[in-house]
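Asker: So that we are looking at the same thing, I have put the structure below in structure tokens.
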Amino acid sequence: MADRYLTTSEVADYLRLKERKVYDLVASAGIPHARITGKLLFPQSLIDLWVDRHVVGPDGPLRAPPPIVAGSSDPLLEWALTEAGTGLARLPGGSEDGMTRIAEGAAVLAGLHLLDVASGDYNVPAVRRRLGLGDVVLVHWARRRQGLVVSRGNPFGVSGIADLCRPPLRIILRKEGAGSGLLLDHLLAAEGIARSDLCAAPDHAATEEEVGAAIIEGRADVGLAIEAVARRTGLDFLPLRQECYDLLLRRRDYFEAPLQRLFAFVRTEGFAARARTLGGYDVAEAGAIRYNA
């Protein structure tokens with residue numbers, strides 16, 4: 001989402017303040033701003049988030065959500081949450097579950113990778129349908145390579161989605177509401193394959209990492225996951241597409257200390273280096289605001 005940058009006089013009009021007060025807020029680091037060749041600029045999207053942080057309800061300040069990161073799992077995110085010293089706990093349960101927890105105030109952050117087949121876009125259409133014009137924001141995390149994960153050496157000779165209905169190949173499926181599961185349904189439909197045509201393992205994987213574990217342990221022969229999972233577990237990977245993984249949060253929580261530590265960390269070389277090591281990530285736009293309701 002392209003941002004609009006306001007001048008000092010424009011942000012004063014926008015907030016209905018005197019320009020002198022804007023300068024005072026800049027001096028106290030109380031308002032988001034950038035200084036470019038001596039000129040102050042104010043990103044409007046961050047100004048909106050900053051205002052929401054100060055909203056007070058009839059009974060005082062709005063209740064803060066628990067320090068939990070829900071939604072879809074991601075190896076780079078889990079590493080960054082610890083390295084950035086956020087103190088946030090992980091409770092992965094799939095993209096749909098993450099949206100539910102944000103809507104109910106049961107998590108402060110949720111990872112999403114939900115493909116909208118009609119538009120080809122990720123996450124924004126799903127959030128608009130589910131949460132409408134509520135006080136939510138999508139912050140871009142990474143673009144990730146999704147594909148088929150198989151045992152080293154690819155003993156079944158898997159070359160694409162069409163092979164998934166070929167016995168005795170067993171596939172490990174994701175739990176309902178997972179972004180990878182929704183993507184798999186779309187890819188199967190494009191090949192004219194129904195889920196009932198698959199030889200599915202009896203259990204379901206709750207996370208990307210559990211897909212790799214099921215194959216290593218011999219409970220399945222193939223699964224849909226990101227490249228980083230295959231690399232970490234020494235499995236082979238057949239890329240299918242690049243997806244967009246975003247972080248969903250309430251606008252009022254954007255400037256809370258744990259999240260600001262995370263968003264600052266994504267701008268470091270250490271973060272970029274880790275993404276390269278894990279493999280299959282494009283983090284060039286990490287931290288950018290994709291959607292601001």
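Asker: Could you list, in sequence order, the residues of the stretch 182-192 that are in contact (Cβ under 8 Å) with a residue 12 or more places away in the chain and outside any loop (DSSP other than H, G, I, E, B)?
Answerer: Pass one, the stretch 182-192, residues in contact (Cβ under 8 Å) with a residue 12 or more places away in the chain: 182-184, 186-188, 190-191.
Passing the criteria: Leu182, Leu183, Leu184, His186, Leu187, Leu188, Ala190.
Asker: Any idea how many residues of the stretch 81-120 are in a strand (DSSP E or B) and under 23 Å from Ala264 (Cβ atoms)?
Answerer: If we filter the stretch 81-120 for residues that are in a strand (DSSP E or B), which is where we start, we get 89-90, 109-112, 115.
This time we only want the ones that are under 23 Å from Ala264 (Cβ atoms), so: 89-90, 109-112.
So the count comes out to 6.
Asker: Given the condition of a type in the set (Asp, Glu), modelled with pLDDT under 95, surrounded by fewer than 21 Cβ atoms within 10 Å (Cβ to Cβ) and closer than 23 Å to Ile289 by Cα, answer yes or no: does some residue in the stretch 174-195 qualify?
Answerer: Looking through the stretch 174-195, none of the residues is of a type in the set (Asp, Glu), modelled with pLDDT under 95, surrounded by fewer than 21 Cβ atoms within 10 Å (Cβ to Cβ) and closer than 23 Å to Ile289 by Cα.
Asker: Please identify the pairs in which a residue from the stretch 170-181 that is at negative phi has its Cβ atom under 8 Å from the Cβ atom of a residue that is buried (at least 24 other Cβ atoms within 10 Å of the Cβ) and charged (D, E, K, R), counting only partners at least 6 apart or on another chain.
Answerer: Going by the 8 Å Cβ cut-off, the qualifying pairs are Ser180/Arg174; Ser180/Glu208; Gly181/Arg174.
Residue by residue, here is whether (1) part of a strand (DSSP E or B); (2) touching a helix residue (DSSP H, G or I) at 6+ places or on another chain (Cβ under 6 Å) holds:
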site: Glu10; (1), (2): no, no
site: Asp13; (1), (2): no, no
site: Leu17; (1), (2): no, no
site: Arg20; (1), (2): no, no
site: Asp24; (1), (2): no, no
site: Gly30; (1), (2): no, no
site: Arg35; (1), (2): yes, no
site: Phe42; (1), (2): yes, yes
site: Ser45; (1), (2): no, no
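Asker: Counting just the residues of the stretch 121-156 that are in a loop (DSSP other than H, G, I, E, B) and at pLDDT below 95, which one comes out surrounded by the fewest Cβ atoms within 10 Å (Cβ to Cβ)?
Answerer: Leu133
The values are calculated or read from the model by the stated rules, or taken from the named source; none is laboratory data. Bear in mind that the values here come from a model prediction, so they are computed numbers and not experimental data. All Cβ positions, glycine included, derive from the backbone under ideal geometry; neighbour counts span all protein chains shown.
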